[in-house]
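Visitor: Supplied in structure tokens, the structure appears directly below.
Any read-out appearing in this document is the output of simple, stated calculations on the displayed coordinates, not a laboratory observation. Just so it is clear, the model here is predicted, and its values are computed rather than measured. So basically every Cβ, Gly included, is an ideal-geometry build from the backbone, and we count neighbours across all protein chains shown.
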Amino acid sequence: MLNKLFSAFRTNTSEPLPDPDAELALGALLVRVAMSDKDYQVEEISLIDRILARLFQHNAIEAAKIRATCEKLHAAAPETDTFAKLIRETTGLEDRLAALDALWEVVLADGDPKEDELRVVESARKAMGLSFIESKAARERAEQAANSTS
């Protein structure tokens, strides 16, 4: 009861979130994968920034701002399927495969994949209309990329 009373006197200082496009949907999925194991690490955050910069031609500051927006979208977000379906409906196969590669990069960023991370990727894969074989290939590419930077 008191919370309602106090909230009535507070002004809403948060800006409304933008409607997600394919970029924000992918960013929110990347954040969702990184946070799914309840251990959102600096390595994952910086990797998400680099992925957003690479895929959408942003500088580091722009990518960090977009990731911050994606964190908010994730927190207020619909199901994983909603973001993944938006990607499927607004991008071609090549972009969906790049999104799957990016998801695997984040899953592998902190070592061994956790069950919660794998569930998010699997849900996203299905909603993006991609096959298990395509996911396996994306994981292999992400593993090779991780091994080449080690």
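Visitor: Please build a GNM for the chain, connecting alpha carbons under 10 Å apart, and tell me which residue among 33, 106, 42 fluctuates the most.
Guide: 42
Visitor: Continuing with this model, one more query. When the dipole is taken about the Cα centre of the chain, and only Lys, Arg (+1) and Asp, Glu (-1) are charged at their Cβ, what size is it in debye, to the nearest 20?
Guide: Dipole about the Cα centre, nearest 20: 400 debye.
Visitor: Still on this model: Add +1 for every Lys or Arg and -1 for every Asp or Glu among the other residues with Cβ under 14 Å from the Cβ of residue 119, and state the total. All intermediate terms of the calculation are to be shown ahead of the outcome.
Guide: Working: positive: 32, 38, 114, 125, 126; negative: 37, 79, 81, 115, 116, 117, 122.
After counting each charged neighbour, the total is -2.
Visitor: What percent do you get for the relative contact order of the chain when only Cα pairs under 8 Å and 6+ apart count?
Guide: Once normalised by length, the contact order is 29 percent.
Visitor: If I take all pairs of Cα atoms in the chain, what percentage of them are more than 22 Å from each other?
Guide: Numbers: 4359 of 11175 pairs.
Every Cα pair in the chain considered, those over 22 Å come to 39 percent.
Visitor: Under the 0.36 nm per residue contour assumption, what length would be gained going from the current alpha-carbon distance of residue 62 and residue 94 to full extension?
Guide: Details: separation 32, 0.36 × 32 = 11.52 nm, distance 2.36 nm.
Between residue 62 and residue 94, full extension yields 9.2 nm more.
Visitor: Here's a follow-up. Treating the beta-carbon of each Lys and Arg as +1 and of each Asp and Glu as -1, no other charges, what is the dipole magnitude of the range 14-73 about its Cα centre, to the nearest 20 debye?
Guide: Here the size comes out at about 60 debye.
Visitor: Using the Cα atoms as the points, what is the convex hull volume per residue of the range 58-105 in Å³?
Guide: Measuring per residue, one finds 94 Å³ for the Cα hull of the range 58-105.
Visitor: Right, something else. Among 31, 20, 113, which residue has its Cα furthest toward the positive end of the charge dipole of the range 19-149, with +1 on Lys/Arg Cβ and -1 on Asp/Glu Cβ?
Guide: 20
Visitor: Hey, what do the phi angles of the range 127-144 turn into as Karplus ³J(HN,Hα) couplings, whole Hz, using 6.51/-1.76/1.60 and θ = phi - 60°, x for Gly and Pro?
Guide: For the range 127-144, the Karplus-derived couplings read 5, 7, x, 10, 8, 4, 5, 5, 5, 4, 5, 5, 4, 4, 5, 5, 5, 5 Hz, x marking Gly and Pro.
Visitor: Taking only DSSP H segments of four or more residues, each worth -39500 (n - 2.57), what value at 222 nm results for the chain once the sum is divided by all its residues, to the nearest 500 deg cm²/dmol?
Guide: Computed ellipticity for the chain at 222 nm equals -24000 deg cm²/dmol.
Visitor: Let me check I've understood the local charge: for residue 104, count other residues with C-beta under 12 angstrom from its C-beta, Lys and Arg +1, Asp and Glu -1. What total comes out?
Guide: -3
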